[in-house]
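Structure record follows, encoded as structure tokens.
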Amino acid sequence: MYDFKPGESQDVAELYRELLGAADALTADEPDSVANMANVAALLWEFLPDLNWAGFYRVAPAKRSPALELVLGPFVGRPACIRIPFGTGVCGTAAQSGATQLVEDVHAFPGHIACDAASQSELVVPVTRDGRVIAVIDLDSPHPARFTQADAQGVEALAALLSARI
Ligand code: SME
């Protein structure tokens with residue numbers, strides 16, 4: 001049985017160190033990317049308070065053309081939009097720019113895609129490999145301004161760990 005749980009610390013950096021350790025232990029010896037994304041989505045949900053969605057969108061071909069777009073991957077939360085074009089919404093902006101998107105108020109973000117009406121703030125971090133975005137990690141919260149720079153740095157470290165494992 002796996003029993004990865006956050007410790008008692010209230011320190012955000014410590015919480016992410018524990019989360020990264022658990023993610024490293026779960027994914028180090030597993031080559032299947034879906035299994036690794038599924039377990040990491042579960043860890044994000046388990047370790048981070050005040051979320052209503054945590055998971056992955058992968059870069060993959062569109063249905064009727066070889067153009068790339070974001071396609072829903074493993075997640076915890078309510079069913080979500082399946083395909084997101086590059087440059088659209090918070091996830092598509094992160095994928096197109098390759099830059100973390102920390103959004104305090106999703107209603108103020110141009111083109112935000114409301115998959116769950118409860119979402120108020122959002123953090124999206126690209127996962128890159130060989131200089132290309134291969135996926136994004138998406139966290140949603142029902143609280144405004146839930147995410148800080150400490151969350152951005154923690155999830156960026158997680159994205160770096162996962163680069164060769166998803
Ligand atoms: N809100 C995201 C879409 C994905 S859901 O939040 C799960 C966006 O604007 O890209």
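Take residues that are among the charged types (D, E, K, R) and tell me which of the strands (runs of 3 or more DSSP E) falling wholly in the range 38-120 contain 1 or more.
Numbers: elements: 53-61, 68-77, 101-103.
Filter on the range 38-120 gives 53-61, 68-77.
Going by the structure shown, is Ala160 near the ligand (Cβ under 9 Å from one of its atoms) and assigned to a helix (DSSP H, G or I)? Considered against the rule, which asks whether it is near the ligand (Cβ under 9 Å from one of its atoms) and assigned to a helix (DSSP H, G or I), Ala160 comes out as no. When residues of the range 97-123 are filtered for being near the ligand (Cβ under 7 Å from one of its atoms) and closer than 22 Å to Ala160 by Cβ, how many remain? Of the residues in that region, 1 qualify. Might you let me know whether the range 83-96 holds any residue that is touching an Asp or Glu at 6+ places or on another chain (Cβ under 7 Å), more than 8 Å from the ligand (Cβ to nearest atom), hydrophobic (A, V, I, L, M, F, W, C) and free of Cβ contacts under 8 Å to residues at least 24 places away in the same chain? Among the residues of the range 83-96, at least one is touching an Asp or Glu at 6+ places or on another chain (Cβ under 7 Å), more than 8 Å from the ligand (Cβ to nearest atom), hydrophobic (A, V, I, L, M, F, W, C) and free of Cβ contacts under 8 Å to residues at least 24 places away in the same chain, which makes the answer yes.
Would you check if Asp50 is surrounded by fewer than 21 Cβ atoms within 10 Å (Cβ to Cβ), of a type in the set (D, E, K, R) and within 13 Å of the ligand (Cβ to nearest atom)? Show your work before the answer.
Numbers: surrounded by fewer than 21 Cβ atoms within 10 Å (Cβ to Cβ): yes; of a type in the set (D, E, K, R): yes; within 13 Å of the ligand (Cβ to nearest atom): no.
The answer is no for Asp50.
Residues satisfying the criterion are absent from the range 16-38 (criterion: within 16 Å of the ligand (Cβ to nearest atom), closer than 16 Å to Val155 by Cα, at pLDDT 95 or above and of a type in the set (Val, Ile, Thr)). Phe75 falls short on exactly one of the conditions (1) touching a strand residue (DSSP E or B) at 6+ places or on another chain (Cβ under 6 Å); (2) modelled with pLDDT under 95; (3) among the aromatic types (Phe, Trp, Tyr), and that condition is (2). Taking first residues from the range 110-126 that are at positive phi and partners that are part of a loop (DSSP other than H, G, I, E, B), the Cβ contacts under 9 Å between residues at least 6 apart in sequence or on separate chains come to Gly111/Gly87; Gly111/Thr88. Kindly provide the set of residues from the range 1-30 that are surrounded by 14 or more Cβ atoms within 10 Å (Cβ to Cβ) and not charged (D, E, K, R), ordered by number. Within the range 1-30, Phe4, Pro6, Val12, Leu15, Tyr16, Leu19, Leu20, Ala22, Ala23, Leu26, Thr27 meet the criteria. Counting only residues that are among the small types (Gly, Ala, Ser) and either at pLDDT below 95 or assigned to a loop (DSSP other than H, G, I, E, B) (or both), the range 121-147 holds 2 of them.
The values are calculated or read from the model by the stated rules, or taken from the named source; none is laboratory data. Since the structure is predicted, the reported quantities are computational estimates derived from the model, not experimental observations. Positions of Cβ are backbone-derived with ideal geometry, glycine not excepted, and every protein chain shown enters the neighbour counts.
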